[in-house]
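Peer 1: Got a structure for you, written out below as structure tokens; questions coming shortly.
The values are calculated or read from the model by the stated rules, or taken from the named source; none is laboratory data. All values derive from a computational prediction rather than experimental measurement. FYI the Cβ positions are ideal-geometry reconstructions off the backbone, even for glycines, and counts take in every protein chain you see. In case anyone asks, the SASA skips ligands and DNA or RNA and just uses the protein heavy atoms, side chains included. Shrake-Rupley method; radii C 1.70, N 1.55, O 1.52, S 1.80 Å.
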Amino acid sequence: MVFLVLFSLIEGGVAEVALIRTVLPEPEPGEGNLRGGSDTKLFAGVFSAFAPAVTPSARVPVWAPIDPFGCKDYGKPDNLTDGTGGVAIVMRGGDANCTFEHKAEQAQRAGAEGVIIVFNDSNLFAMAPDKNSTDIKIMVIGVAKETGKKIKAASKRKILFSFEVYERPM
């Protein structure tokens, strides 16, 4: 039911939707499961129109670069030792040359497997390309402002994320 509402909020209704799921880390030895129930959260996002609707194949961390807009060159965090590039999370905006595509290029150069771009409000829309061709090969997802806040808060708790393409039933 939630997903049908989501599709009605997307301008034009043609964007592919991503489901973002938090995955709790395994308890430390001797800790037991003190969480009491499921803390798994499900978030929705919209894939960009300039990158393939691909997702990381494994559960990955989400991390924020030093520049919160992801406009300046950056590298992935040194603490990503599991061989993944994780997924960068950046804010919409920055300088006039910092387009959605530029943010994706920066994340791809940094070695990220994807980038989440947090919109300024609750509106979801398909991010259009700013060039005639693009070399973006990583996942690029846009999320609402409140969703971005929740994902950032979860990422600080070292929670892993899984991503999938939501296929609307016909």
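Peer 1: May I ask you to give the percent of accessible area on the stretch 105-170 that is carbon plus sulfur, with a probe radius of 1.4 Å? Let's see the in-between values first.
Peer 2: On the way: 1730 of 3590 Å².
That fraction is 48 percent.
Peer 1: Using a Förster distance of 25 Å, how high is the FRET efficiency between N120 and A96, based on the Cβ-Cβ distance and rounded to 0.05? Write down the numbers at each step before the final one.
Peer 2: Values: r = 16 Å, r/R0 = 0.63.
E between N120 and A96, to the nearest 0.05, is 0.95.
Peer 1: Taking amide H atoms as placed 1.01 Å from N in the peptide plane, list the residues 5 or more away in sequence, or in a different chain, whose amide H sits under 5 Å from that of K41.
Peer 2: T22
Peer 1: How big is the stretch 55-170 in terms of Cα radius of gyration and Dmax, in angstroms?
Peer 2: 13.7, 44
Peer 1: Return the FRET efficiency for the residue pair Y166, N79: r is the Cβ-Cβ distance, R0 is 30 Å, and the value is rounded to the nearest 0.05.
Peer 2: Numbers: r = 30 Å, r/R0 = 1.02.
My answer for the efficiency is 0.50.
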